[in-house]
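**Student:** Quick one: the structure is below, questions incoming.
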Amino acid sequence: MAKRVLVSGGAGFIGSHVTVELMAAGYEVVVADNMSNCDLTCFEGVKKITGKDDIPFVKMDFCDADAVNRLFSQYKIDAVIHFAAYKAVGESVAEPVMYYKNNLESFLNVIEAAKTHGGCNVLFSSSATVYGEPDELPVTEKSPRQPATSPYGNTKQMCEDILRDSVKAYAKYGNEVNAGAECNGPIKGIALRYFNPIGAHPSALIGELPRGVPNNLVPFITQTAIGKRECLSIFGNDYPTPDGTCQRDYIDIVDLAKAHVYAVRRMLDGKMEEDYEIFNVGTGRPVSVLELVNAFEKVNGVKLNYKFAPRRAGDVTAIWADPTLANEKLGWKAERSVEETLAAAWAWEKHLAGKE
Ligand code: UFG
């Protein structure tokens, strides 16, 4: 029987791409989302790409413990991938309570359900933001975490710790630590630390759907290119980098989604070497903001209106991954070039424009 994976926040940008790849790999998927930050566009796209009209979908809030329990009672879940969270850095600074409440409570409910319903593995969507401004580049999983600079970043660190501690207590069900506890089976955990996910599915049927003015670079670029925004501001050109603009590790969304399949397989096939494991999901390739803009213009044959603007508060100068651990232990490697990814992002923006 195919193993079943629950994707919380599965109607969003990353969740929808992960759902497609999990299904392509033969897993059964249950998608659950409260739709607070997306509409059904991507879920409909997932159905078209996979050719499956009957993917189980549950509209629910993961902060509702009863609803989470009901979901775990209704379906036998072998692994859960947790995306359901707020993700805007600036908003988290303005509304910290809202962020801590939502991002921590939803994750605690998932872990509790995984524990009480037994034998369910947990994959957490973490972020390179936990490394802050790194002392050494590229960063490995052993690079120290830095104090978070936003409540959003802090929730990523806290959820990693919650998973680590929970796995420590519940991975060996029946040991002296949790003997007698209400736990029906061991849980194991993996945290994937994403670098900068960009792009869209090559079908242009699913992609990023930011609400309002995009915070992130690539949606701002595509919206400027299509005429929705007047001008892209490049935040800072006086950084100590080769061209003065910040450097990031931009990872294609389909490559990123595939990393989840490898991680789920490792968990479900009993291949984990530790009960809690962490992997960087990046390319290992630094790209500056200016390089990305130039690559977008070149590959898509469009001219982008941009200007240099002051630095954005909270931005780190440069960060990119050492993905060796994921390459070796997961057997996963980023495959798509920045050009392919930027072409997909542009095709998605044009697809959206055609629908308006
Ligand atoms: N940038 C611009 N102009 C824009 C938007 C972004 O120049 O309009 C620059 C930023 O200054 C940065 C780079 O593009 O140098 C990338 O910015 P993004 O906002 O796309 O991504 P970040 O690296 O800031 O964000 C990442 C993750 C977030 C995470 C954050 C934490 O995508 O999920 O790091 O700092 F929260």
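**Student:** Counting only protein heavy atoms and using a 1.4 Å probe, what share of the accessible area of the stretch 1-90 belongs to carbon plus sulfur, as a whole percent? Each step should come with its number before you reach the end.
**Tutor:** Working: 1850 of 3790 Å².
Whole-percent figure for carbon plus sulfur exposure: 49.
**Student:** Right, another one. Per residue and in Å³, how big is the convex hull formed by the alpha-carbon atoms of the stretch 186-338?
**Tutor:** Details: hull volume 22.2 nm³, N = 153.
For the stretch 186-338, the hull spanned by Cα atoms encloses 145 Å³ per residue.
**Student:** If you stretched the chain out fully between F308 and N216, how much longer would it get, using 0.36 nm times the residue separation minus the C-alpha to C-alpha distance?
**Tutor:** Going from the current span to full extension adds 31.5 nm.
**Student:** Here is a follow-up. Just from the alpha-carbon atoms, what are the Rg and Dmax of the chain in angstroms?
**Tutor:** 19.9, 65
**Student:** Estimate the FRET efficiency between L40 and K228 by the formula 1/(1 + (r/R0)^6), using the beta-carbon distance for r and 22 Å for R0, to the nearest 0.05. All intermediate terms of the calculation are to be shown ahead of the outcome.
**Tutor:** Details: r = 21 Å, r/R0 = 0.97.
With a Förster radius of 22 Å, E is 0.55.
**Student:** How big is the charge dipole of the stretch 136-289 about its Cα centre, in debye rounded to the nearest 20, if each Lys and Arg gets +1 on its Cβ and each Asp and Glu gets -1 on its Cβ?
**Tutor:** Details: 17 positive and 19 negative charges, 60 e Å.
About 300 debye.
**Student:** So who's got an amide H within less than 5 Å of the one on A318, skipping anything under 5 residues away but keeping other chains? H placed 1.01 Å off N, in plane.
**Tutor:** Here the answer is Q247, since their amide H atoms fall under 5 Å of that of A318.
**Student:** Angle, helix 41-50 long axis vs. longest principal axis of the chain, Cα atoms, 0 to 90°, nearest 10?
**Tutor:** With rounding to tens, the tilt is 70 degrees.
**Student:** With +1 on the Cβ of every Lys and Arg and -1 on the Cβ of every Asp and Glu, and nothing else charged, how large is the dipole of the stretch 199-323 about its Cα centre, in debye rounded to the nearest 20? Walk me through the numbers before you get to the answer.
**Tutor:** Details: 14 positive and 16 negative charges, 128 e Å.
Using Cβ point charges on Lys, Arg, Asp and Glu, the stretch 199-323 gives about 620 debye.
**Student:** Which angle between 0 and 90 degrees, to the nearest 10, do you get for helix 151-170 versus the longest principal axis of the chain when only C-alpha atoms count?
**Tutor:** Between the helix axis and the principal axis of the chain, the angle is about 30 degrees.
**Student:** Ranking request for peptides 337-343, 14-20: highest mean number of other beta-carbon atoms within 10 Å first, then the rest in descending order.
**Tutor:** Numbers: 337-343: 19.3, 14-20: 27.9.
Highest-to-lowest ranking by the protection proxy: 14-20, 337-343.
**Student:** Can you list the HN-Hα couplings for the stretch 272-283, worked out from phi with the Karplus curve (6.51, -1.76, 1.60; θ = phi - 60°), rounded to whole Hz and with x for Gly and Pro?
**Tutor:** So the Karplus estimates, Gly and Pro as x, are 5, 8, 10, 6, 10, 10, 10, 9, 6, 10, x, 9 Hz.
**Student:** Quick one: putting +1 on the C-beta of Lys and Arg, -1 on the C-beta of Asp and Glu, what dipole do you get for the stretch 1-139 around its Cα centre, in Debye to the nearest 20? Show your work: numbers first, answer last.
**Tutor:** On the way: 11 positive and 18 negative charges, 112 e Å.
Rounded to the nearest 20 debye, it is 540 debye.
The values are calculated or read from the model by the stated rules, or taken from the named source; none is laboratory data. A quick note: this is a predicted structure, and the numbers were derived from the prediction, not measured. When we count neighbours, we look across all protein chains shown, and the Cβ atoms used for this are built from the backbone with ideal geometry, even at glycine. Ligands, DNA and RNA are excluded from the accessible area calculation, which covers all protein heavy atoms including side chains. Shrake-Rupley method; radii C 1.70, N 1.55, O 1.52, S 1.80 Å.
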